[in-house]
Amino acid sequence: MAARPNLILKTPIERRSKATGEVIDTVTEITFRSLTLGDLVAAMDASGGAKGTMTLQLASASTGLPLSELAGLDLADGAAVLDVVASFMPAGLKTGAAG
């Protein structure tokens with residue numbers, strides 16, 4: 001079994017209380033799991049074929065983080081997340097080539 005990749009965030013995610021706005025949790029590191037065919041199908045269905053949305057759906061499936069937190073990542077951290085997600089994809093899916 002391959003090791004699960006981890007990513008240390010340059011700008012941590014701060015989770016805040018809806019009632020007070022106080023920081024109640026901070027995410028400084030993200031752990032990824034490999035993606036499954038079911039993850040890909042679900043992401044394709046949820047995104048309606050929009051590539052950016054599909055990639056965020058796959059990132060959410062891999063990390064367990066909600067889309068809203070992923071979308072709010074600092075650009076450098078977000079790009080790093082997308083790189084890890086892309087590393088799970090077979091070559092044909094990365095390029096869009098069939099067969």
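The values are calculated or read from the model by the stated rules, or taken from the named source; none is laboratory data. On a predicted model such as this, the values are computed, not experimentally measured, just so you know. So basically every Cβ, Gly included, is an ideal-geometry build from the backbone, and we count neighbours across all protein chains shown.
Tally time: how many residues in the range 1-40 are assigned to a loop (DSSP other than H, G, I, E, B), among the charged types (D, E, K, R) and under 17 Å from the mean Cα position of the chain (by Cα)?
Residues flagged as assigned to a loop (DSSP other than H, G, I, E, B), among the charged types (D, E, K, R) and under 17 Å from the mean Cα position of the chain (by Cα) within the range 1-40 amount to 2.
Check L82, L35, L75, L67 and return the single one that is under 21 Å from P12 (Cα atoms) and in contact (Cβ under 8 Å) with a residue 24 or more places away in the chain.
Criteria check complete, one pass: L82.
Among the residues of the range 41-64, what is the count of those that are hydrophobic (A, V, I, L, M, F, W, C), buried (at least 16 other Cβ atoms within 10 Å of the Cβ) and either in a loop (DSSP other than H, G, I, E, B) or touching a residue at least 24 places away in the same chain (Cβ under 8 Å) (or both)?
3
Of the conditions (1) of a type in the set (V, I, T); (2) more than 19 Å from A79 (Cβ to Cβ); (3) at pLDDT 95 or above, I30 fails just one. Which one is it?
Condition (2) is where I30 drops out.
Examine the range 85-95 for a residue that is out of contact with any Pro (no Cβ under 6 Å at 6 or more places or on another chain), over 17 Å from P5 (Cα atoms) and at pLDDT 90 or above, and state whether such a residue exists.
No - not one qualifying residue is present in the range 85-95.
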